[in-house]
Amino acid sequence: MARVLAVRVFLSLLGCTVMAAPSYAYLDPGTGSIILQSILAGIAVAMGVLRLYWYRLKAFFSGKPTESDGQGAKDAEIQKDS
Amino acid sequence: MTDVSVEAGSFRDPRGRIYYVDSRVLRTVMPMAVADFDYVRSSGLIEALHSDGKLVGESLVDNTELGACANGAAYVLEHPRIPFISYPYEWPFSALKSAALLHLDIQQSALQKGVTLTDASAYNVQFVGSRPIFIDSLAFRRYNDGEFWVGHRQFCEQFVNPLLLRAYTGVAHNAWFRGRLEGISAEDLSRVLPWRSRLSWNVLTHVMMQARLQGSASSNDAVRRAKDRKLPKIGFEQMLHGLRKWITKLEPKADTRTVWQDYAGDNSYADAEAEQKRAFVAEFSSTVKPALLFDVGCNTGDYSLAALENGAAMAIGFDFDQGALELGFQRAVSSRANFLPLLLDAANPSPDLGWRQAERLGLQRRTQGDAVIGLALIHHLAIAKNLPLQGVIDWLIDMAPQGVLEFVPKQDPMVQRLLQLREDLFVDYNEQTFVDCLQARARIVKSIVASASGRILYWFDRA
């Protein structure tokens, strides 16, 4: 599951660097909102990466690769909630 | 002869408009919306949301159904009619909260299917009983990887900020929201929230930081830089998830218990008398079987529920007390009754508002029902608010052809309490005047004395 998360984070970042996304919006999203969202997204992605390495580190020292399943379950929960 | 009219509030998004053809609700889908419309329908999202009861139904109909109004439209859709349209400035806290959660649920489900919402307007949510339902089926379009949540600021202004106002200061959102139909801006809210609210990461970011960034980022350069930014999908999902978790926990500030919240246990008439009133309402309801009943001064909804259990199909309650509305809404949720309690100050009902004063309809233009009940109400309006008795009775009778109104005499302890600190100027306030006012407009079908103090219930019929 950790690998799945890693791939998702990587693809998201890649997607954002290579693709411009002009899209139709009749609503003005507001500059403040956009800057805030990019800050929040940066934090979220950074946390995701940190969490990933944290689980890897824990798994390395405990020798239990199943630790990352906990994250997998959490991810599944997020998906289920949404 | 068909009567076609356009919904005056449906003009912001040029991709389609709502029309009324007699009692039917039709929507145009303009050519500019077709690509998104087809993409979203092929994603299966619309069907899934509809089967979960989250989205209003839709069916494609022939363009000719809309006559000349369909000119230029690619498709015409028909939606079932929502029996009563309400606005966020009339909703109690819990209703606004459940509408906010519905919006987030829909945005989350949409994202999974590669779809996003074009806005985050609270007016796109309506209620059937206490169940929120999304009504704008054209608010969906294809999601482009890396794009921002266009509706974020609007979601904050129309959902988050009004909820925070009540949660942190105890002040209800309604009056402010009615005064500013776009909701409460982060800039304004940041000025009134207490300092301790900054300890919340979500308040700090979605309110304080957003307000600061909006204020400092108005230069052309900042706008250009903002346009170049991207939001990774995972960041979008996490933001929605975080907001959902946070909003689920928001509650009205604890020290704002209201007088009427305790009314049921503290009122002047005994249980047997309340039971007698319930029985009268039940008899009225089972005879009239109203499709839409208005309960003015509904308190926590006792008599609405009695009517609903006895033949009424749907009840809209009105009260001015936030605590009573809150309890009423929770009762409706837990009993799954088709009951929606809304905020109303009878001396100042919602007026026509918005663009050309036609965008949001005043209460009077929405309250045409089959039945109305006004129990333990009229003395508050006639005595506490000094409203003329004939005017109050006319106003209630105008809402529906049949109803039950209660007369509370001056010797009743509740009226005595209202007169405790003031001069009794109400020389005409008596049973005879009440009956004369009623009979000037309607026939009295039946009446009963409903309390030892001499309260009387009148069943009227103006048909």
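The values are calculated or read from the model by the stated rules, or taken from the named source; none is laboratory data. Keep in mind it's a predicted model, so treat the numbers as computed, not measured. Don't worry about glycine lacking a Cβ; one is built from the backbone with ideal geometry, like all the others, and counts go over all protein chains shown. Areas reflect the complete protein model, heavy atoms only, side chains present, ligands, DNA and RNA absent. Shrake-Rupley method; radii C 1.70, N 1.55, O 1.52, S 1.80 Å.
Tabulated data
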{"item": "Qualifying positions in region B:202-223 - at pLDDT below 90 and open to solvent by 50 Å² or more (accessible area, probe 1.4 Å)", "result": "B:G215, B:S216, B:S218, B:S219, B:N220, B:D221, B:V223"}
{"item": "Residue satisfying condition, being open to solvent by less than 10 Å² (accessible area, probe 1.4 Å), over 31 Å from the mean Cα position of the chain (by Cα) and among the small types (G, A, S), within set B:A371, B:A440, B:A450", "result": "B:A450"}
{"item": "Residue in region B:33-44 that is assigned to a loop (DSSP other than H, G, I, E, B) and surrounded by fewer than 17 Cβ atoms within 10 Å (Cβ to Cβ) present", "result": "yes"}
{"item": "Number of the condition not met by B:N386 [criteria: (1) open to solvent by less than 30 Å² (accessible area, probe 1.4 Å); (2) more than 20 Å from the chain's Cα centre (by Cα); (3) not charged (D, E, K, R)]", "result": "(1)"}
{"item": "Every residue from region B:384-400 that is among the charged types (D, E, K, R) and within 17 Å of B:Q368 (Cα to Cα)", "result": "B:D394, B:D398"}
{"item": "Top-ranked residue of region B:16-32 - restricted to ones that are part of a strand (DSSP E or B) and of a type outside the set (K, R), ranked as most open to solvent (accessible area, probe 1.4 Å)", "result": "B:Y20"}
{"item": "Boolean, B:L231 is touching a Phe, Trp or Tyr at 6+ places or on another chain (Cβ under 6 Å), within 14 Å of chain A (Cβ to nearest Cβ) and either at pLDDT 95 or above or part of a loop (DSSP other than H, G, I, E, B) (or both)", "result": "yes"}
{"item": "Which listed residue is open to solvent by 40 Å² or more (accessible area, probe 1.4 Å) and within 27 Å of the chain's Cα centre (by Cα), from B:P83, B:P88", "result": "B:P83"}
{"item": "Only listed residue being open to solvent by 10 Å² or more (accessible area, probe 1.4 Å), out of contact with any Cys (no Cβ under 7 Å at 6 or more places or on another chain), under 24 Å from B:M30 (Cα atoms) and of a type in the set (V, I, T), chosen from B:V171, B:V128, B:V115, B:V150", "result": "B:V150"}
{"item": "Any hit, region A:51-64, residues being modelled with pLDDT under 80, out of contact with any strand residue (DSSP E or B) (no Cβ under 6 Å at 6 or more places or on another chain) and either within 30 Å of B:L45 (Cβ to Cβ) or of a type in the set (V, I, T) (or both)", "result": "no"}
{"item": "Test for B:D428: is it surrounded by 19 or more Cβ atoms within 10 Å (Cβ to Cβ) and at negative phi", "result": "no"}
{"item": "Selection count, region B:328-344, where residues are part of a helix (DSSP H, G or I) and surrounded by fewer than 23 Cβ atoms within 10 Å (Cβ to Cβ)", "result": "5"}
{"item": "Counted residues, region B:116-150 - those being polar (S, T, N, Q) and away from chain A (no Cβ under 11 Å)", "result": "4"}
{"item": "In region B:52-72, the residues that are open to solvent by 60 Å² or more (accessible area, probe 1.4 Å) and under 18 Å from B:Q126 (Cβ atoms)", "result": "B:D52"}
{"item": "Region B:1-15, residues that are part of a loop (DSSP other than H, G, I, E, B) and either surrounded by fewer than 16 Cβ atoms within 10 Å (Cβ to Cβ) or free of Cβ contacts under 8 Å to residues at least 60 places away in the same chain (or both)", "result": "B:M1, B:T2, B:D3, B:E7, B:S10, B:F11, B:R12, B:P14"}
{"item": "Test: B:S304 is hydroxyl-bearing (S, T, Y), buried (at least 21 other Cβ atoms within 10 Å of the Cβ) and not in a loop (DSSP other than H, G, I, E, B)", "result": "yes"}
